[in-house]
Amino acid sequence: MKTIIYIIVLFVFPFGNISAQQTPAKAQSEAITITGATAHIGNGKVIENSILIFENGKITAVGTSGSATPKGKIIDASGKHVYPGFIAPNSTLGLVEIGAVRASNDEVELGNLNPHIRSIIAYNAESKIVESMRPNGILIAQTTPRGGRISGTSSIVQLDAWNWEDAAIKMDDGIHMNWPNSFSSGRWWLGEEPGLKPNKDYVKQTTEINDFMLQAKASLNTTVMSEKHLLYQAMHGIFEGSKTLFIHVSAEKAILEAISFAKEHNVKNMVIVGGDEAYKVATQLKKHNIPVLIKRTHSLPDYEDDDYDQSYKNARLLLDAGVLVALENSGQMERANTRNLPFQAGTVAAHGIDKEKALQLITGNSAKILGIDDIAGTLETGKDATLFICIGDALDMRTNQLEKAFIQGRDISLESHQTKLWKRYSNKYSK
């Protein structure tokens, strides 16, 4: 009997110490009033000594102190700051937990044309990486598939949920297409000559997606159901306006061709993702009202003739031209690095953009581009109470210290495996 008990203890103890994600918060049960804070609305406006009230998950009042009567639980945030929850577009959060473990990697599907692949059903709401976003103020993300010419369909989630059904804010918001590169790099491991050279398959690749679009449009009125028609039917939303076509493209010429492609096929809503050289075609983007999710700010220049600070000022150049811009963070170690999104906005502010406009790049502008600006992105009456209280400037890594955070009015935990490690080793080295 003792042997059995020892075996049980041996197995239970190690696994009992493995902590899962923080338990999702309960629904808001009483009105909450935040007073005295500097409120950064997310649309360029700031309210000093503000009052903000939310009930049943919705903001019911926001203004200067004295403009509304406090209700319910009162939080004195004098000397602190209130921000709308930051939004991370074009993210693979929740799709990969450990890159080296294939069973935890759901960001890429087999095949080249996969508009019917829905990232939302692969989203892991219990990801430890997801919970590590919240202490930096990132409370909403667009979970996005990768790979192939057409990667699949993204969805928008809030980052405190039991499962993907609870997490979903907007299901199947857009289809993601990777535009062919005009140039290709020589692959030394295959014996190819190094350096850039024209992509000999470019015409073939663009013809393939043009043909696919034509067939998808032709299927709009069909009632036939087959595996092939499933792919075409998944595209219908971009012609009808219920989905956005996110075209991942970087070079100047390729961006212009992508714009022409979308117009030729009567795509209702289009967004450029990446857009390294989007500033060179800003006039055309403005003319066609095409937003840009600009590539990671903390990046090296991509082209030999780029300025050393090109990545830092790309957003400013587009904003100056009147283009709607937001920041995205795809690239190397993108899931872990997503927590740095507010500091990327801070870098943009340090290179010629007003601090509140820089804030819009991860709040109000992101919400507009993703089509959720009716419920998120700014601190306005009627919108979800997805917001946080910060001790200092949330765009500065030295002062981004969250005290409270709420998603749809729910008082969420800011603990994660990283905050636990921080506390553990802080105690170690304080002795």
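The values are calculated or read from the model by the stated rules, or taken from the named source; none is laboratory data. All values derive from a computational prediction rather than experimental measurement. All Cβ positions, even for glycine, are placed from backbone atoms using ideal geometry, and neighbour counts span all protein chains on display. The area values use the complete protein model at the heavy-atom level, side chains included, leaving out ligands, DNA and RNA. Shrake-Rupley method; radii C 1.70, N 1.55, O 1.52, S 1.80 Å.
Which of the lysines could a cross-linker bridge to LYS286, judged by Cα under 21 Å and excluding same-chain residues fewer than eight apart?
Result set, ordered by chain and number: LYS243, LYS253, LYS263, LYS268, LYS295, LYS313, LYS357, LYS368.
Only Cα pairs within less than 10 Å get springs; with that Gaussian network setup on the chain, which residue of LEU319, LEU256, LEU214 has the largest fluctuation?
Among LEU319, LEU256, LEU214, the largest mean-square fluctuation in the Gaussian network model of the chain belongs to LEU214.
Roughly speaking, what is the stretch gain from THR399 to THR381, that is 0.36 nm per residue apart minus the C-alpha to C-alpha distance, in nm to one decimal? Intermediate values should be presented prior to the final figure.
Values: separation 18, 0.36 × 18 = 6.48 nm, distance 2.77 nm.
Difference between extended and current length: 3.7 nm.
Once Lys and Arg get +1 and Asp and Glu get -1 on their Cβ, which of ILE353, CYS390, GLN142 lies farthest toward the positive end of the dipole of the chain?
CYS390
Using the heavy atoms of the protein chains and a 1.4 angstrom probe, tell me the accessible area per residue for the chain in square angstrom. All intermediate terms of the calculation are to be shown ahead of the outcome.
Details: 20600 Å² over 431 residues.
Dividing the accessible area of the chain by its residue count gives 48 Å².
Answer with a single label: of (1) 19, 31, 22, 15, 10, 3, 0; (2) 24, 53, 20, 2; (3) 28, 57, 15, 0, which was calculated as P(r) over Cα pairs in 20 Å bins from 0, in percent from the structure in view?
Among (1) 19, 31, 22, 15, 10, 3, 0; (2) 24, 53, 20, 2; (3) 28, 57, 15, 0, the one derived from this structure is (2).
Roughly how much of ARG424 is accessible, in Å² to the nearest 10, using a 1.4 Å probe?
Rounded to the nearest 10, the figure is 150 Å².
Using θ = phi - 60° and the Karplus relation 6.51 cos²θ - 1.76 cosθ + 1.60, list the HN-Hα couplings for the range 350-355 in order, rounded to whole Hz, with x at every Gly or Pro.
3J(HN,Hα) across the range 350-355, in whole Hz: 6, 10, x, 10, 4, 4.
May I ask for the distance between the Cα centers of the range 113-179 and the range 60-100, given as a whole number of Å?
20
Could you put MET177, MET333 in order of accessible surface area, largest first, with the 1.4 Å probe and the full protein assembly present?
Values: MET177 0, MET333 130 Å².
Largest accessible area first, the residues go MET333, MET177.
Given H placed 1.01 Å from N in the peptide plane, which residues other than close sequence neighbours of ALA25 have an amide H under 5 Å from its amide H?
Placed amide hydrogens put SER413 under 5 Å from ALA25.
Can you list the HN-Hα couplings for the range 196-208, worked out from phi with the Karplus curve (6.51, -1.76, 1.60; θ = phi - 60°), rounded to whole Hz and with x for Gly and Pro?
Residue by residue, the range 196-208 yields 7, 8, x, 6, 5, 9, 4, 4, 4, 5, 5, 5, 4 Hz.
If you put +1 on each Lys and Arg Cβ and -1 on each Asp and Glu Cβ, how big is the dipole of the chain around its Cα centre, in Debye rounded to 20?
840
Using 0.36 nm times the number of residues separating SER299 and THR23, minus their current alpha carbon distance, what extension gain do you get?
Numbers: separation 276, 0.36 × 276 = 99.36 nm, distance 3.51 nm.
Working it through step by step, the gained length comes to 95.8 nm.
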